[in-house]
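This report concerns only the one structure given below.
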Amino acid sequence: MTAALLQGSRAIADSAIAAGCRFFAGYPMLPFTDLLEAMSAKMPEVGGTCINADSEIEAVNMALGAGAAGARAATGSCGQGIALMQEAIAEAALNEVPMVVFNMARGQQDYWQATRGGGWGDYRTLTLAPKDVAEAVVHTQLLFHLADTYRAPVCLYGDYLVAHTHMSVDVAPIDFGPLPDKSWALDGTAGGTGHARQIWTWAMGRDDAPGPGPDVHWRRLAQKFATMGEAEARHESYRCGDAEWVVVSFGTAGPFIDYVVEELRADGQRVGSFRPVTLWPFPEAALLEAAGRARGVLVYEVNAGQMIDDVRLALRGQVPATFIGGVSIDSSGMRQGDLLTVAAIRSRVLDAIGVGAGERR
Amino acid sequence: MSNRSTEPDRGQEVRIEGARQVASSRADLQVSEDHHLCPGCGHPVAWRILLEVIQELSLAQRAIGVVGHGCYTNIVRMADIDFLQCLHGRAPAVATGVKRVQPQAAVFTLQGDGDMASEGLAEVLHAAARAEKITAIMLNNGVFGDTGGQMTAASVVGQRTKTSLEGRSPELHGYPVPVAELVASLPGAAYVARSAVNTAGGVAQTKRYLKRAFETQTSGAGFSLVEVLTMCPTGWFVPTAAGPGYLSDSMQPTYPTGPLKDSLRPA
């Protein structure tokens, strides 16, 4: 397949279908709506199902059912809709149903929601935050692979820039390697054989074939999430090798930071850029490696300061972290405001590293 | 039976010296006689009828049960069919996802009145409106049994519960939700009936209705729902033996039994 100029939502839909996604359910909410529309248009072409559900609660539970029945299934929403879905995302984590949740957020204020979860129990949700449409296309397919690898719900943290920007992308299927079989999936055929299947958060099993029960089951899950935390952290760093100052950002803010770093380097400032690609697991070791010798770390995120918690945990007090982001919403409430501009970021970085107005170009 | 890959241990015949031989009372798909619930509970009666219907319609190797949260969740521990235990109230949405992916399967939900009438009313109504080809089963005892006897959306007027100590009052608590009638009003619902398991006749009626509901599903006609009135002497705070009488005296005036809608059989 060759590259095509696609809107981000359409590109993600095509990429999901290329990854074998055959079930999608969602409830309209901007800027997620375009992905639902694209799925609704494209799914019938491949014999898949897309349901315009009657609530986010319905949508995520439908995806859970489809995932339990063996399909590559997905849902999505943003903000308040993701909040409504948290109960079922936690349930899917605890009863080990793979599915992908496309969180096309309205901005960056949902970092805690994405990484801490709002459901109950000991669980984590692996979350990839693409910087642009091209990366979202790859992340989409990787997420289906990781969901099946770990039998777990996983999330994409996108936003209106990912959802609405047009970019030339290639959505051909990507081979991420072998996967465990899905013999656990429910198809009804094992009934009456003595080997019927169960998907049950409490894992109590049948009287004639007792399951491990919640204590053992949940300890095993905790170990699984610890393994994911060790194995799946991803990041991107730019010019951090000799940097005195490292700016940390996530998602679509990353390219803005890279641009500012490029400008400031031309001015002789030794700055670098670090971006967690996985929000959970946060790439702690990689950040300490990239910024451990820096004078300071600057945290840029378009919210009141959420990711900075993870940055400080990663830095273990060895390097000071300074917040240079802030709340910035446009009048629609859907998009980031003036703070997400090269000029504003450049000014905040220079303020933080002590370059006075008179010394600036 | 012939297509089983293994033959699990089934119910032992009950032999009593000097008495006539009595056949096992266990349904074929039951792996255990222990229902884990209180004496006098009506749920296990309904479970057994359900398992018999699945067996008799040759659906044992097509059935997928999507079970909500309540006392009836224990069916998962004693029946040999595929089960997905899901969140309280959400079973019709979960079953929708299962059925769309496995259209050849006989997909049913098992929910209580707290699960379906209280927490999950939206899910069951929308599944019915979409004409999902699933069978929803609500075991209605008019009380939260699992949590110890609180009022549900299906508790009848005058019913004493731990959260309506002087009895459900229309002024304070409003009126019960008649799920079967609500669902029957939707064009997507192809078969709707209400039965009770407090009498031998009611057991036979429940079996006929459940068969009809699964036949509706396998014929592709649309959504089917059977509301089964069950005894909960513990949650009703009456003696065990008083359960069947309490059901007919207190619940059935509010919840009349009988078929409400049958699209397979023109009126």
- How do the pairs read when you match residues in segment B:78-101 that are more than 7 Å from chain A (Cβ to nearest Cβ) and more than 18 Å from A:E91 (Cβ to Cβ) with residues anywhere that are of a type in the set (A, V, I, L, M) and open to solvent by less than 10 Å² (accessible area, probe 1.4 Å), using Cβ under 7 Å and keeping only pairs 6 or more apart or on different chains? B:A79/B:L29; B:A79/B:L51; B:K99/B:A105; B:K99/B:V107; B:K99/B:I134
- Message: Looking at the structure I just gave you, is B:K162 within 13 Å of chain A (Cβ to nearest Cβ) and more than 16 Å from B:V228 (Cβ to Cβ)?
- Response: no
- Query: Of the residues that sit in segment A:109-164 and are of a type in the set (S, T, Y) and outside any loop (DSSP other than H, G, I, E, B), which one is most open to solvent (accessible area, probe 1.4 Å)?
  - Reply: A:T149
- Task: Inspect all residues belonging to segment B:129-142 and state whether any of them is in contact (Cβ under 8 Å) with a residue 12 or more places away in the chain, in a helix (DSSP H, G or I) and either under 28 Å from B:H36 (Cβ atoms) or open to solvent by 10 Å² or more (accessible area, probe 1.4 Å) (or both).
- Result: yes
- Message: Tally up the residues in segment B:102-119 that are buried (at least 24 other Cβ atoms within 10 Å of the Cβ) and either more than 29 Å from A:P44 (Cα to Cα) or without any contact (Cβ under 8 Å) to a residue 40 or more places away in the chain (or both), please.
- Response: 9
- Message: Considering only residues that are more than 10 Å from chain A (Cβ to nearest Cβ) and crowded, with 24+ Cβ neighbours inside 10 Å, which ones fall in segment B:54-69?
- Response: B:G68
- Has segment A:220-235 got any residue that is under 27 Å from the mean Cα position of the chain (by Cα), open to solvent by 70 Å² or more (accessible area, probe 1.4 Å) and among the aromatic types (F, W, Y)? no
- Tell me, which residue of segment A:73-85 that is over 14 Å from B:V94 (Cβ atoms) and buried (at least 24 other Cβ atoms within 10 Å of the Cβ) is farthest from the other protein chains (Cβ to nearest Cβ)? A:C78
- Would segment A:186-198 turn up any residue that is open to solvent by less than 10 Å² (accessible area, probe 1.4 Å), at pLDDT 95 or above and under 30 Å from A:G158 (Cβ atoms)? no
- Of the residues in segment A:54-69, how many are outside any helix (DSSP H, G or I) and crowded, with 24+ Cβ neighbours inside 10 Å? 1
- Message: Regarding segment A:79-100, can at least one residue be identified that is closer than 28 Å to A:I329 by Cα and in a loop (DSSP other than H, G, I, E, B)?
- Response: no
- Could you tell me whether B:A93 is in contact with a Ser or Thr (Cβ under 6 Å, 6 or more places away or on another chain) and crowded, with 24+ Cβ neighbours inside 10 Å? no
- Message: Could you go through segment A:250-266 and let me know if any residue there is out of contact with any helix residue (DSSP H, G or I) (no Cβ under 6 Å at 6 or more places or on another chain), touching a residue at least 24 places away in the same chain (Cβ under 8 Å), among the aliphatic types (A, V, I, L, M) and in a loop (DSSP other than H, G, I, E, B).
- Response: no
- Just need a number here: residues in segment A:167-221 that are more than 7 Å from every other protein chain (Cβ to nearest Cβ) and among the hydroxyl-bearing types (S, T, Y). 2
- Task: May I ask you to list the residues in segment B:143-165 that are at pLDDT below 95 and surrounded by 24 or more Cβ atoms within 10 Å (Cβ to Cβ)?
- Result: B:G145
- Residue among A:Y111, A:Y150 that is in contact with a helix residue (DSSP H, G or I) (Cβ under 8 Å, 6 or more places away or on another chain) and modelled with pLDDT of 95 or more: A:Y150
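The values are calculated or read from the model by the stated rules, or taken from the named source; none is laboratory data. As the structure is a computational prediction, the values presented were derived from the model and not from experiment. Positions of Cβ are generated from backbone atoms using ideal geometry, with glycine treated the same way; all protein chains shown enter the neighbour counts. To get the accessible areas, we keep the full protein, side chains included, count just its heavy atoms, and leave off ligands, DNA and RNA. Shrake-Rupley method; radii C 1.70, N 1.55, O 1.52, S 1.80 Å.
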